[in-house]
Structures are given as structure tokens and as C-alpha cells.
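The values are calculated or read from the model by the stated rules, or taken from the named source; none is laboratory data. Bear in mind the structure is a predicted one, so any value in this text is a computation, not a measurement. Methodologically, a virtual Cβ is constructed for each residue, glycine included, from the backbone with ideal geometry; neighbour enumeration extends over all protein chains shown. Heads up: the accessible areas ignore ligands, DNA and RNA and are worked out on the full protein's heavy atoms, side chains in. Shrake-Rupley method; radii C 1.70, N 1.55, O 1.52, S 1.80 Å.
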Amino acid sequence: MRVLITGGAKELGRAFSEVLGAQGHHLVITGRDEKALDAAGTELRAQGADVETHVADLGDPHATPKLIESLGGVDVLVNNGALGGPVGPTWEVDENDWWRTFEVNLRGTASAMNAAIRTMTSGRIINVVSNAGVHRWPYVTAYSVSKAAVIKLGENLAVELKRRPIAVLSYDPGMVDTGLMRRGCAPHTDDPDLLRVSQWTRSQRDEGRFTPVEQSAGLLARIVSGEFDHRSGGLITQKDH
Ligand SMILES: NC(=O)c1ccc[n+]([C@@H]2O[C@H](COP(=O)([O-])OP(=O)(O)OC[C@H]3O[C@@H](n4cnc5c(N)ncnc54)[C@H](OP(=O)(O)O)[C@@H]3O)[C@@H](O)[C@H]2O)c1
């Protein structure tokens, strides 16, 4: 299958790329960082993966749709790329940073989904979301509310697509010691709001609430295979492992 993974060169997205590449899918991975994409492409190919890399900024609502159209469509779209957004009391953070998070996490994801659906006869869309989109995550409200919106968008699209063989699933990979969460555990700052969030993140890790990255990527691979299509519109979590 042709699988497009946004943000597939780094961190959790990279772990997703590795497991899906090993399964023989044709991978299309995107991001903003051309160097990281080139390096990931080389390393994944050395592991035997069939992969192409493209720079596509989710902050540009035309970039990923253009790519999807130029490919003639994809079988699976994994919307993994996202921003963590600003940290702090919502009324104090920079409103432009706050809104930028929605442009990437919500609009970028929605534009990619729309383009995939327009070009897809059958397949699935997997939106990588977070516990932060289900439960309150104060001090990171742009991230939390943008992920909540993506979950709700998926619920609605699944109904709009019920006569077509296209599933839309939200996937919470669990808290994983990569990317956002790893950075969250060790901020290089004296900022009391960042420190508050990082203290909580570290406590979650130290109490054993993190999910091993292999487990997180393994469940994503099962969703990509179609195992959860009957739950279109729903949220798949580590409880489904
Ligand atoms: N880590 C966790 O514990 C955890 C838990 C729950 C959910 N998640 C979700 O998992 C996904 C990956 O998280 P992560 O921890 O790996 O985060 P990360 O380290 O911050 O990686 C984010 C990825 O998104 C890409 N990205 C960011 N902005 C982009 C843009 N404007 N256009 C295109 N790509 C963009 C980045 O690539 P470039 O820098 O090349 O653009 C990078 O590959 C996110 O959706 C996150 O919400 C993570």
C-alpha cells in the first residue's frame, strides 16, 4: 500500500516509518526539515524500505494536498505531523503562537485529509491524536484543543464517508519517550510554566505510564492494515493493544 506519513522522518513519526517500511508498504514521508528527510530516506532505504521523501509544510494548506494530488492519491494517510504549541496560562501565551498551532494541527491535518479523500477510492485516514485531546491539559491548551478538534472532525467525516470504503480513525499512541514528551521531561528553561508541565510529564514517566515506542508503532501498523476499519470515527488507544 502507498502510505503517506506526515512528520515521518523524526521521533514518533520515524518509528512509524520504520515499522511500516519493514512491512513492505511504499512510504511517502513529509516534513519541513529537508536534511532530516534526506537522512531518514537514506537510513530507511538501507533497512530495505521503499520510501520517498518530500518537503511539505502543514502550515501551508496547499502543500500536502498538492503532493497527494501529484502522487495520484494514497491508500493510507497517517496525519502525524504536529506542533506542541505554546506553554503557559492561555491568556498569557502569544496568541499568534496559539493560533499557529491550530493552523498546523487542525487546518494542515484537515487539508491533507480532504485531498486524500478526494483522490481515494478506498483506504483509511489515521489521525495521530493524544490524551490531551480527550482530557484537559491545562497550560498547553492550543495542543489540547487542536487535538480535540481533530478527534471531533474524524467522528464527523466517518459519518459523511459511511457509504464509501474509507475509514477515518483517531489514534492515541500513548505517552512515549520520544519527541514532544521527551522534550517535555527535560526543558532547558527557568520558565515556571514549562517547569510545571515538565514536572507532571516526568511524574507520568517515573510512575510507568509511558508506552514503549515499539508498542506504539506496532498498534499503528495494525490500524494501517485495516484491522480497526469497523470502528471508523472512533479513537483507538493503547487499551486496544
Ligand atoms: N510523543 C508522545 O508521547 C506523543 C503522545 C501522544 C501523541 N503524540 C502525537 O504524535 C505525533 C508526533 O509526536 P512527536 O512526539 O514525535 O513530536 P515531535 O518530535 O515534535 O515531531 C513532530 C513531527 O511533526 C513534524 N512537523 C511539525 N510541524 C510541521 C509542519 N508545519 N509541517 C510538516 N511537518 C511538521 C516534524 O517534522 P519537521 O520538523 O521536519 O517539520 C516532526 O516530524 C504528534 O501528532 C503528537 O501530537 C505524541
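Before moving on, here are some points about what is shown:
- DSSP beta bridge pairing in the chain, given as percent antiparallel to the nearest 5: 0 percent
- Protein heavy-atom surface of the chain, 1.4 angstrom probe: 50% of the accessible area is carbon and sulfur, with nucleic acids and ligands not counted.
- Note on Val159 and Ser70: the model spin-label points, each 7 Å out from Cα along the C-beta direction, lie 3.7 nm apart.
- Within the listed set Trp98, Trp137, Trp200, the residue fluctuating most in the Gaussian network model of the chain (springs between alpha-carbon atoms under 10 angstrom) is Trp200.
- The Cβ shell under 14 Å around Tyr171 holds other residues with a net charge of 0, Lys and Arg each +1, Asp and Glu each -1.
- Additional length obtainable on full extension of the chain from Leu194 to Gln215, 0.36 nm per residue less Cα span: 4.8 nm
- The residues neighbouring Asn131, those whose beta-carbon lies less than 13 Å from its own, together hold a net charge of +3 under the Lys/Arg +1, Asp/Glu -1 convention.
- FRET efficiency estimate (nearest 0.05) - Cβ-Cβ, Ser225 to Thr121, R0 22 angstrom: 0.75
- Rounded accessible area per residue of the stretch 38-185, 1.4 Å, Å²: 46 Å²
- For the pair the stretch 151-192 / the stretch 198-241, the C-alpha centres are spaced 10 Å from each other.
- The simple spin-label model puts a point 7 Å past each Cα toward its Cβ; for Glu92 and Ala22 those points are separated by 4.4 nm.
- Ellipticity estimate at 222 nm from DSSP helix runs (n ≥ 4, -39,500 (n - 2.57)) divided over the chain, nearest 500: -14000 deg cm²/dmol
- Once all protein chains are placed together, His230 keeps about 150 Å² accessible to a 1.4 angstrom probe.
- Considering only His26, Val129, Ser170, the residue lying farthest towards the positive end of the dipole of the chain is Ser170, judged by Cα position with unit charges set on Cβ.
- Listed pairs Lys10/Lys152; Lys162/Lys239; Lys35/Lys162; Lys10/Lys162 exceeding 30 Å between Cα atoms: Lys35/Lys162; Lys10/Lys162
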